[in-house]
1. Considering only helices (runs of 4 or more DSSP H) fully contained in the range 273-383, which possess at least 1 residues that are more than 30 Å from the chain's Cα centre (by Cα)?
2. What pairs come out if I take residues in the range 309-323 that are under 27 Å from Gly374 (Cα atoms) and pair them with residues that are among the β-branched types (Val, Ile, Thr) and in a helix (DSSP H, G or I) whose C-beta lies under 8 Å away, six or more apart or interchain?
3. I'm told His362 meets every condition in (1) at negative phi; (2) touching a helix residue (DSSP H, G or I) at 6+ places or on another chain (Cβ under 9 Å) except one. Can you identify the failing condition by its number?
4. Identify, by number, the condition in (1) over 34 Å from the mean Cα position of the chain (by Cα); (2) of a type in the set (S, T, N, Q); (3) modelled with pLDDT under 85 that Thr401 doesn't meet.
5. Any idea which of (1) surrounded by 24 or more Cβ atoms within 10 Å (Cβ to Cβ); (2) free of Cβ contacts under 8 Å to residues at least 40 places away in the same chain; (3) closer than 22 Å to Ala181 by Cβ is the one Ala255 doesn't satisfy?
6. Suppose the filter is crowded, with 24+ Cβ neighbours inside 10 Å and either within 30 Å of Lys397 (Cβ to Cβ) or over 17 Å from the mean Cα position of the chain (by Cα) (or both); does Val223 pass it?
7. Which of the following residues is within 12 Å of the chain's Cα centre (by Cα) and surrounded by fewer than 24 Cβ atoms within 10 Å (Cβ to Cβ): Ala262, Ala234, Ala210, Ala218?
8. Look at the range 373-402 and say how many of its residues are free of Cβ contacts under 8 Å to residues at least 24 places away in the same chain and closer than 23 Å to Leu338 by Cα.
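The values are calculated or read from the model by the stated rules, or taken from the named source; none is laboratory data. Remember, predicted model here, so these are calculated numbers, not experimental data. Cβ: placed from backbone, ideal geometry, glycine included. Neighbour counts: every protein chain shown.
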Amino acid sequence: MFRSGEGFGTGENAPGREREYPFAAGALPFPPVDKHKGRPARLGRRSLSGRRSEAALTDRLTDRPDHALVGVVRMPATAIGPVKSIVRRVIGASLALAVTVLLVYLDRGGYSDTDGTPLSVLDALYYATVSLSTTGYGDIAPVTPSARLVNVLVITPLRVLFLIVLVGTTLEVLTERSRQAFKIQHWRSRVRDHVVVIGYGTKGRSAVTALLGEGAEAGNIVVVDTEPTALEAASSLGLVTVNGSGTRSDVLRVAGIPRARAVVVAPPRDDTAVLVTLTARELAPKAQIVAAVREAENVHLLRQSGADSVVISSETSGRLLGIATSTPSVVEMFEDLLSPDLGLAIAEREVERTEVGGSPRHLSDIVLGLVREGQLYRVDAPEADAIEEGDRLLYVKKVATA
């Protein structure tokens, strides 16, 4: 039996987890091969005291309330320019001042002035401004209407500007934290059928670019990573980010994996990819899990771990490099097909009723294959001779360029 708490020596294991995965004897998926290290990935066992101390210092994210996840989960912020932000603050302050003036004037019988005259609208405005600005007057106070008008129109705005400079940063931080807490609570209660990308390196960024190119909404993509720069880059695109290791089940639960439509596993190491895939498959039995692997020898490990599709990144790049030395135009065509925003692109569609019974080779579209009951058949396969109802066609479509 493989225990997740005893696995890879990558420092990314979730403390305190002791789940068992039933692999048959002789079929243990470890150690995965890492040619770039020149040796199999080493397996390590943490000391019991070290694991206990880490578990004591790291609480489970799923046990935290939503407001305590601010800093772990980051919702995309709406970009607001400085001028617009200042205008909003001025409007808010003006509304607060107007409400105060109205309240004071309606209850003007309860106020008295030093000269004994009833309060006018100007008096109520003056009292509201000095009250909201927490100024107050002692031995020196404006008495004439002109002096009070100058105080309202000139002195008080300068005082407000001073307060903004003095405490504006603190107020902004508190406001942003409250806004983030509300967004996190709202998002966690509604997130469904989203895509979780674990690892925002070169492969993860490319996967997100492809998703956005296919029309996915940025708010329906969640990025899980531990690098602040990667999370910042993902957040700048409007993606939801979760700061944590993808090997921890509580981090993946916070990312909403149990309700996710698809999971992209793109960490930099193959052994990490195996553990992430195992954890993700346990939490999301029905999700589509796509994993990237560096070495072809580790493909079967990802499939045993629960990956539906496995992409070999290093060998695929190597093949294209080799082809480019003799036929660079072939590589250009591959790049065109893989770019969803220009030229040609590979797409999938449902068959039309008039196409049922016909051959996919005789359609106006360039058909590469068809999908029947989840199984892909190439266009030259005997099963693809006739299109059946419910099939889906994999074809080359033209993408309109701007």
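1. Correct list: 313-326, 328-338.
2. Here the result reads Val310/Val299; Ile312/Val299, each pair linking the range 309-323 to a residue that is among the β-branched types (Val, Ile, Thr) and in a helix (DSSP H, G or I).
3. Just one mismatch for His362, condition (2).
4. Thr401 satisfies every listed condition except (1).
5. Exception for Ala255: condition (2).
6. yes
7. On inspection, the qualifying residue turns out to be Ala218.
8. Residues meeting the conditions: 9.
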